[in-house]
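These notes are about the structure you will find just below.
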Amino acid sequence: MTFASPKLGLLAVFISLCISAWMLSQRYNQRKRLARWGAATQAIVPPHEPIRQVLRTFCLMIAIVSFDLAIARPQWGFRLEKIPHRGVTMLFALDTSKSMLANDVRPNRLELAKMSILDLSKTLKDSQVGLIAFAGSAFLQCPPTTDFGAFKASLQAINTDTIQHGGTNLSAPLLLAQKCFNPQAQYKHLMLITDGEDLSGTVGHAIEVLKKAGIVVHTIGIGTTQGGSILIDAPNGTQIYKKDDQGNTLITHLDEQTLKTIAST
């Protein structure tokens, strides 16, 4: 037999002993007072009933012992049962490059993507969720976990300054994701959320690596094919539109074909 709360049980025993000692002292003081009052007082005191007194004391002791045992929470035996995890491991790869600040969707591509991830994650009951932030390189923002509070906090902390290496390298989050999944996991899914503009040109190799590892890649394009301008913070604290080397306002477009190729492969 083991006890789930042995310390509480010892505390209960200590309290019970204190109460018992106090009750015995009260009874002893009562007998002393009766002895001092003399025979006249004895005449009005009910006759002594030893059997009733013993029975009452016995019941009180049983109640105290039962209380102490209940507080200690006794336990007998145990059984180990292996329960297979049937949920999905869903890893989100979120593009945090400057192009995700484009205003062709509201409030912008990055904020819309974060809200969409949060909504989808709420439906993934009994599953693990993780988060990769990427731009020119990739970083594991939140390892796969069932702690949705930690996942939500990691998602909210992401911005376009999370990855210092600029540009968009779609192969970086794919190769990083392959290392983040548990090889023994049965259902491994990667949700790639980006505007699709790949500047690395090496995404084909990364997709083959994930395909061999049994990782399903889903792609979600954020933005429009018509494109939008990128609103960035200026040094003076205002916001301006990002411009190219010729001074023209830079327009970034959703690259649907790249994302379709990744998903179909």
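The values are calculated or read from the model by the stated rules, or taken from the named source; none is laboratory data. The model shown is predicted, which means the values in this text are computed figures rather than measured ones. Neighbour counts run over all protein chains shown; Cβ positions are idealised from the backbone, glycine included. All accessible areas refer to the heavy atoms of the entire protein, side chains included, with ligands and DNA or RNA removed. Shrake-Rupley method; radii C 1.70, N 1.55, O 1.52, S 1.80 Å.
Brief remarks on what is shown
- Residues in the stretch 115-172 that are among the aromatic types (Phe, Trp, Tyr) and surrounded by fewer than 21 Cβ atoms within 10 Å (Cβ to Cβ) were compared, and the one that is nearest to the chain's Cα centre (by Cα) is 148.
- The single residue among 254, 250 that is farther than 27 Å from residue 120 by Cα and either in contact with a strand residue (DSSP E or B) (Cβ under 9 Å, 6 or more places away or on another chain) or without any contact (Cβ under 8 Å) to a residue 12 or more places away in the chain (or both) turns out to be 250.
- Some residue of the stretch 186-208 being open to solvent by less than 60 Å² (accessible area, probe 1.4 Å), at pLDDT below 90, in contact with a strand residue (DSSP E or B) (Cβ under 7 Å, 6 or more places away or on another chain) and aliphatic (A, V, I, L, M): no
- A residue that is of a type in the set (A, V, I, L, M), in contact with a Phe, Trp or Tyr (Cβ under 9 Å, 6 or more places away or on another chain) and in contact (Cβ under 8 Å) with a residue 24 or more places away in the chain occurs somewhere in the stretch 146-165.
- Residue in the stretch 180-194 that is more than 14 Å from residue 90 (Cα to Cα), part of a strand (DSSP E or B) and of a type in the set (Ser, Thr, Tyr) present: yes
- For the residues 90, 61, 100, the requirement of being outside any loop (DSSP other than H, G, I, E, B), more than 30 Å from residue 141 (Cα to Cα) and either modelled with pLDDT of 75 or more or not basic (Lys, Arg) (or both) singles out 61.
- Count of residues meeting criterion [loosely packed, with under 13 Cβ neighbours inside 10 Å and either modelled with pLDDT of 90 or more or farther than 21 Å from residue 133 by Cα (or both)] in the stretch 212-247: 14
- Just one of the listed residues (261, 219) is within 38 Å of the chain's Cα centre (by Cα) and either part of a helix (DSSP H, G or I) or on the phi > 0 side of the Ramachandran plot (or both), and it is 261.
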